[in-house]
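What follows draws every value from the coordinates through simple rules; no lab data is involved. Since the model is a prediction, treat every value here as computed from it, not as a measurement. For neighbour counting, all protein chains shown are included, and Cβ atoms are generated from backbone atoms with ideal geometry for every residue, glycine included.
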Amino acid sequence: MIEVKELSKTYSIDGQVFRAVDNVSFTVRRGEMVSIIGHSGSGKTTLLSLIGGLTKPASGSVLIEDRAIWSMSDDELSAFRNRKMNFIYQFSSLVPTLTSLENIMLPTAFGDYGEDVAGYARELLALVGLKEKENSYPSHLSGGQQRRIAIARAFINRPDIVLADEPTGDLDEETEAEIISLFTRMNKDAGTTFVVVTHNKDIAALAARRLKMANGAVTEISGG
């Protein structure tokens with residue numbers, strides 16, 4: 001499903017070369033949930049961005065369903081991402097002028113989705129416990145509610161792959177449990193493949209495999 005081959009990303013800071021991702025290789029099978037743990041600054045977010053086609057690597061490759069994503073044109077890569085994957089960022093990144101429902105539906109504006117998008121968006125709203133916030137704007141939502149809307153948005157295009165960066169970072173324990181339940185449901189029932197960067201032990205424990213990142217390098221600590 002996902003094959004990362006000798007992937008590296010370097011940055012130059014004050015004349016010093018910093019290897020954010022250092023010759024990383026691993027695979028993620030279809031329908032698998034993989035967690036990536038590690039200290040802040042270890043390269044986890046950069047790695048996720050490289051896998052998702054948002055940051056171009058210095059060297060190496062990322063293959064998704066045997067397609068080398070960095071060999072695609074910008075338009076091809078954008079269309080591929082829109083159909084195949086979605087993202088949950090550390091920050092909610094909601095559009096302030098759109099309602100909760102509209103924010104969830106936003107990714108479908110960039111592709112041809114014949115199904116009842118609004119109906120599915122309402123179903124996702126209910127799944128994250130915000131059915132009554134359909135017409136609310138981000139400024140009228142708490143930080144935790146905004147995060148839940150962003151998580152719901154990640155599933156609107158029924159993606160094969162979800163890349164999540166600290167998805168429960170600012171949620172209370174009850175909401176966190178609801179999101180963990182949603183991830184489990186999407187993984188087991190819908191067959192969604194997950195790569196999750198997290199400090200949360202409960203989310204890490206859900207994963208069939210756990211990877212650890214340190215100084216830009218990845219080692220496998222469970223599964224395989």
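The lone criterion from (1) under 16 Å from the mean Cα position of the chain (by Cα); (2) assigned to a strand (DSSP E or B); (3) surrounded by fewer than 16 Cβ atoms within 10 Å (Cβ to Cβ) left unmet by residue 11 is number (1).
Put simply, of 61, 42 the only residue that is touching a residue at least 60 places away in the same chain (Cβ under 8 Å) and out of contact with any His (no Cβ under 9 Å at 6 or more places or on another chain) is 42.
Applying the criterion of at least 3 residues that are among the charged types (D, E, K, R) and closer than 29 Å to residue 8 by Cβ to the strands (runs of 3 or more DSSP E) found wholly in segment 153-224 leaves 209-214.
Yes or no, residue by residue, for (1) surrounded by fewer than 16 Cβ atoms within 10 Å (Cβ to Cβ); (2) of a type in the set (Lys, Arg):
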| site | (1), (2) |
| --- | --- |
| 82 | no, no |
| 96 | yes, no |
| 101 | no, no |
| 105 | no, no |
| 118 | yes, no |
| 123 | yes, no |
| 130 | no, no |
| 148 | no, yes |
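Scanning segment 94-146 for residues that are outside any loop (DSSP other than H, G, I, E, B), without any contact (Cβ under 8 Å) to a residue 40 or more places away in the chain and hydroxyl-bearing (Ser, Thr, Tyr) returns a single hit, 120.
Scanning segment 64-93 for residues that are of a type in the set (Ser, Thr, Tyr), in contact (Cβ under 8 Å) with a residue 24 or more places away in the chain and not in a loop (DSSP other than H, G, I, E, B) yields a single hit, 78.
Taking the options 64, 69, name whichever one is crowded, with 21+ Cβ neighbours inside 10 Å, within 22 Å of residue 157 (Cα to Cα), under 16 Å from the mean Cα position of the chain (by Cα) and of a type outside the set (S, T, N, Q).
Numbers: 69 fails: under 16 Å from the mean Cα position of the chain (by Cα).
Answer to the check: 64.
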